[in-house]
Each structure stands twice: as structure tokens, then as C-alpha cells.
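See below for the structure under consideration.
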Amino acid sequence: MTIDWLRAFVVFGGGPALLIAAVTLVRRSERRLGHGPDESGPPVTTGQTGAAEISAYLDRMTTELRLPAADVAEVRAELADHLRDSIASLEAEGFEPERAIREALGRLGPPAELGRQLRTAHQSTRRLLAGAGGGVFAAGGGFVLGYFGGIALALLGFLAVFVVVALLAVVGVRLPDITSHDGGNTINSLLYATTLAVAAATATRYAVRTSAGLSRRAPRTVAVFWAVAGALVFGWLALFGMRGPQSWPGVALELCIPVIAVASAFVRIERPMPHVGLWAVIVAALSVVVMSLGVFAVSGLSVSGSGSGSQAEEAETIQPPDLHLDVVAPMAPAAWLPEGGFGSAYGSESASSGTRLWADVGWELPAPTIATVLANWRDMRFEAWHAGVNQYSIGVDTRYSSPFEVQPAVLHGSSLDAVFHFERLRDARSWWVVLTAVGPDGHRYRLDDGQGGDATFNGSAWDWLTAPQ
Amino acid sequence: MPGRIRGQLLKGTTTLLVLTVLREGELYGYEIAQRIRDNSGGAFVPNEGSLYPALHALEAAGALEASWRESDRGPRRRYYKITKTGLGMLEAHAQEWAAFSLGMARAMGVAGPKQ
């Protein structure tokens, strides 16, 4: 047995360690924003001096700072201390109280200039680089945390909906099934998009708050940068990077992800992130367990209560094996076909590059014989038609009058091949492919009964938007 | 006593003066200004408006550490403490200043020629 040490390290060692480091970094950085658990903070200055002139001076100075809240509070408290000492000293020298205040303020210089100088002193290039690097690191950690949080959130939402639907079923209310027609694509794509949306929001918030704390800038100052970066990164990811099952609701939510990232950079950005504690994790886990047990209990009741009716329904909906192939083309006269017909061995295989279909011309026929057989036919092609709308109706879906995709049949050895991209089709869950060709009389004929299968869209949101109908 | 030195001449010396007085121990902002004035016999009175930006810049550069704690009298204050980086910076500044002042004295003819 070989061990993938790199993957093992990432999953069991480095990954969690980096995650813990990122969360620690966020918490430490958030202390600068004035909402963290900082016990060494400055004293409260409100009402200390009692002089409106001093407050007005400090207010004017503060407006030029544009620093995190903790830094603003510290600077303000420190200067208030200084003014108090300075005024007391001046009064001891014989200054009148009002004149002492004006003199002390005058020695500090213009408030706006002092504020600008203090801002420059705090916002060094070194801190800016630390903020940028820390922001990227925190974004990575936030993305992972948000991803897991998104999965939990999506599952809880799904369970809640499931419980409501099951309870309604118990009391006799049957809701229309809006998901079975696409093989669960709607649910899967919504779960996927919700997960990425939460991850994007968490990553952007972590980046803004961490970089603000480390670079000593007000969160709204750095938010613009991270909003643009978040919109670009998560916009690309939502449009091109997320590959999997898709649906219109899912794609709509995915297209909202860059907007969510931008909003996360600004909306209530001064407030701290909710830190998930141990009790929150325990309560969430217990909720999932309790809800799951409830769902199983309710679904069991539902099945036992309606079992016989469902079986009767199934029996009624089973269709006779009519493939409805006359919709495609009339079958070719037997005299023009090879012995045993085309497609005696018909097969398909799905891969990331599409679904390859082939139909044998004849089992182990020599090449000259194959050439003779095919000489009767021209414009040989595989036609892909929409197939039955549910599992009990097979063959061509008679609601359609033309194939949704046509590929030329290419001879490889003794078989005719074509490649279809069913995974790129929005509206074809089931397909039926038939080999057709134009015969000696100039009419198109069906050369075999073809083959059917199921398809699930698998691609990005961009693939979905640009997919053929 | 030569009297107070004009602010223009003091430009660039704030860092040296701050680091020098903090070598003796932890102080808060107002104390630093007072200590500079007292140590220089009143010759140097730092511009209070440039003192705090200098303190915060030195802290950002790692030359100083600051912490809030109770003072002997009155409320909590922000005390500054020199770090190893600050001590190295002080030594470099002091040598630079010594060379500068000696050069100035020689140029003005108040010190002997270079040996």
C-alpha cells in the first residue's frame, strides 16, 4: 500500500494547522478594530476633560486619523492624558484655566496636521505589506471555514425543507415535485452554490478585517481593495471554476456570489465576525442528529401510509416497450442491410470528453466486405433524440419532431463512431441515439433501433448559459 | 545657559532625544517631553505636536513597545519602553549625531582640527 504523504499532511496536519493559524491571525488582527477581546485597551476618555474645546480639538484630529477603532481610541486617550497633564502644569505656573487650555492645545499644533502625522506614523509600508499578506492568508482560512459552514447551513436548510414537506405529506398536503425532472440537479446545484456563497462571504470579511488590523487602516478603507479582488476571484470561480450539476436556480445563485463577496466587504464590516465556540458546534451537531432522526421517522410514516397506492400507480404507468422510432425515420429494407443488421453490438462510454457511441457494422467482417455494405449508404449519421420523460417510458419522446444533436458516423475498424456531449445539454435528461443514412432511393432510413441513456449536466455556470437548447 | 534652541534646529533630533530618555526607563508621553526639557537644562523643548507622531512611528518601526497601565497617580497611561531594535537605532543615531556636531564645531572654528 502506498501512502500519499502530501495529501495526508494537508488533510491531517498542515491543513488544520493552517486553518488554526488563520483564525488566530484574524482574532489578533480584530483586536485593533476595537471589538476584540483586548484587555489592555485605553481608558475611556468621554467626559474626562470636561472641556468642549478639547473635545472639539480631539474630534477634528480624529477625523484625519482613518485608523482602526482601537488605534483611534488609543490615540485619543493618549492625547487627552497629555492635555490634562499639560493644562495642570500650566495652571500650576499661574495660567488661568481657559488660557491654559488654549496654550496646551496650541502646543500640540493644528489638529488636522497632528492627525495626518499620526496616521502617517501608523500606516507604514511594512504594516501595509503585512496587511496584504495577512489578508490573503486569512481569506484562505475564511474560505475553508466558510465552505464547511456553508455545507452545514445548506444541509440544515435542506433538512428543514424536508421536514416541512414530510409533515405536510402526513397531513395529506402533497406539494408538486419540482426536482425529479432534472435528476436532482436543482437541489445539488443549490447546495453547491450556497456553500460557495457562504465561503466567499467569510473569506472576504476575514480578509478585510485582518488586513485592516495589520495595516492599521480603517476597515472601510481597505474594503474597496478586497471587494474588487473578491468580485474578480469569486466571479471567475462562480462563472468558470465551479463545475458540476447545474440548474437555472443554481446558476442564478452562483451569479450572485461576486455580489455577495462585495457586500461582505462593506455591510456591517465594523462588527466582529461571529466566532463559533465549542458549545455552538455541539448544539449544531445535536440539531443535525435530532433533525435527521425526525426526518427518518416522518418519512417512514409517510412510506408506510401510502405504500399500496404507490405500487398501484407504478403498475399503471409502465408503458409497453414501444420505442416510437418511426418518429425518427422508417426502418431500412432488410435487403439493403448486412446480415444481422447494423448495431448488433451497440455501445457507449462516458468520459470527461463526452459520451462515445458506436455501432458495429458487422462482427469481424473483413474490410472489403464492410466497404461493400456501406456502399449502399451515404450521409451516415447518429441522431440524438430526447428520450422518455420518466423511467417507465422508454424510447423517443414523441413530443419532439427533430433530434437535438446530430453527429456524422465515422468508420473506425468495423464500427461507426460518434462523440456526443450530453453533459453539456440543459434540457435533455434522457437521450436515444439512432443510426440513420440516405439509401439508394434517396430517402433517409433508420439503420438500427439505437440505444438510450441518461444524462446529467456537468459543467460550469458559463457552460450552462452558453449550452445549446 | 544658551537659551532655548529654535525648533528648526531640533528637526530630526526628536528621535534621538526620545530614544535617549527612554534608555533610562519606561515613560509616558508627557513625561518624555518633560524629561527631555529637564535633561537639556531647558535648552530642548520638543514640539509636542511632533512628539506623538515620532513616538508612534518608532513603535511601528519596532524601536519602542507601548502598553497601557496604571500610573503612580492618576488614570491609566500609555507607557513606552525601548526595545533591542531601539537600542541599536539609538547607537546609530548617536554616532551620526556625534560626527555631525564635531564637524559643525570644526567648521565654525570652535573645536580643534582633525588629528
Inset, instruction - Could you tell me whether any residue of region B:16-28 is within 21 Å of A:TYR57 (Cβ to Cβ) and within 13 Å of another protein chain (Cβ to nearest Cβ)? - result: yes
Inset, instruction - Only residues that are modelled with pLDDT under 80 and either among the charged types (D, E, K, R) or over 29 Å from the mean Cα position of the chain (by Cα) (or both): list them for region A:425-468, please. - result: A:ARG426, A:ASP427, A:ARG429, A:ASP454
Inset, instruction - Would you check which residues across region A:238-258 are surrounded by 16 or more Cβ atoms within 10 Å (Cβ to Cβ) and closer than 22 Å to A:VAL228 by Cβ and list them? - result: A:ALA238, A:LEU239, A:MET242, A:LEU253, A:GLU254, A:ILE257, A:PRO258
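Per-residue answers, yes or no, for (1) in a helix (DSSP H, G or I); (2) of a type in the set (Gly, Ala, Ser); (3) in contact with a helix residue (DSSP H, G or I) (Cβ under 8 Å, 6 or more places away or on another chain); (4) in contact (Cβ under 8 Å) with a residue 12 or more places away in the chain:
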site: A:LEU67; (1), (2), (3), (4): no, no, yes, yes
site: A:LEU79; (1), (2), (3), (4): yes, no, yes, yes
site: A:ASP85; (1), (2), (3), (4): yes, no, yes, no
site: A:ARG102; (1), (2), (3), (4): yes, no, yes, yes
Inset, instruction - Kindly indicate whether A:ALA88 is surrounded by fewer than 22 Cβ atoms within 10 Å (Cβ to Cβ), within 30 Å of A:ALA223 (Cα to Cα) and within 12 Å of chain B (Cβ to nearest Cβ). - result: no
Inset, instruction - For B:GLY112, indicate whether it is at pLDDT below 85 and open to solvent by 20 Å² or more (accessible area, probe 1.4 Å). - result: yes
Legend entry - Pick from region A:147-161, criterion under 14 Å from the mean Cα position of the chain (by Cα) and among the aromatic types (Phe, Trp, Tyr), ranking: nearest to A:ALA238 (Cα to Cα): A:TYR147
Legend entry - Counted residues, region A:405-455 - those being assigned to a loop (DSSP other than H, G, I, E, B), in contact with a strand residue (DSSP E or B) (Cβ under 8 Å, 6 or more places away or on another chain), over 11 Å from A:ARG381 (Cβ atoms) and small (Gly, Ala, Ser): 5
Inset, instruction - Have a look at B:SER40, B:SER50 and point out the one that is open to solvent by 20 Å² or more (accessible area, probe 1.4 Å), within 14 Å of another protein chain (Cβ to nearest Cβ), under 12 Å from the mean Cα position of the chain (by Cα) and modelled with pLDDT under 90. - result: B:SER50
Legend entry - Single residue of region B:53-68 satisfying the filter (more than 8 Å from every other protein chain (Cβ to nearest Cβ) and farther than 24 Å from A:ARG107 by Cβ) that is least open to solvent (accessible area, probe 1.4 Å): B:ALA63
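The values are calculated or read from the model by the stated rules, or taken from the named source; none is laboratory data. The shown structure was predicted, so the numbers you read here are calculated from the model rather than taken from an experiment. No Cβ is skipped: glycine too gets one built from the backbone with ideal geometry, and neighbour counts run over all protein chains shown. Heads up: the accessible areas ignore ligands, DNA and RNA and are worked out on the full protein's heavy atoms, side chains in. Shrake-Rupley method; radii C 1.70, N 1.55, O 1.52, S 1.80 Å.
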